[in-house]
Amino acid sequence: RAVTDAWELDRELLTLGRVIGEGQFGKVSRGLLRRSQDASDTMAPAIDVAVKQLKGNANGTAEEEEFFKEMDLMKALGRHKHVLSLVGVCTLDDPILLVVEFAELGDLRNFVQSKRATARHGPLLNNTHFVDFGAQIASGMVFLEDHKVCADGFLALVIWRFCQSNFNSFASSPFCYR
């Protein structure tokens, strides 16, 4: 087990929702993280998060070792406006949890497909949007490269994080050191 640090979250503040994906290490669920135990504390609103959960039978396996490597990498990586960032971890009890920012509108491929032309309307994205997407991807990739991080299957793993209808943030899950 990892030594606890400033990234360790109080598991009681985390509420897990529906499963939104399955992966190599286990599953990913949507979650809600309260910032305070005090439910009446309106100054510390809850935030949407994505919670990666290690498989229950992964203790002592290579999968557990890789999961902790990913945690360490995300802790060291820091923040960038176009890369999903670590919110915290829960490592004191099973299941081990990795908590990251939630990409409200999901992955880029599905987002773009949802905006394609249909019989009812023309395309909802134009070339300006795609140029902006490309610039954001490049910015995120430079940040990851500067930190000696690569993402396996990068194009398949691209995730976009949006604020309402803005197309202004790119995010990727880093998976390996270089």
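FYI, it's all coordinate maths here, none of it is from the lab. Model, not experiment: these values are computed from the prediction. Glycine gets a Cβ as well: all are built from the backbone with ideal geometry, and neighbour counts include every protein chain shown.
The range 46-78 and the range 93-107 have Cα centres lying 9 Å from one another. Listed cross-link partners LYS27/LYS81; LYS69/LYS148; LYS81/LYS115 are compared with a 21 Å cut-off, the Cα-Cα value being larger for LYS27/LYS81; LYS81/LYS115.
Sorting the segments 132-143, 56-67 by their mean number of nearby beta carbons within 10 angstrom, highest to lowest, gives 132-143, 56-67.
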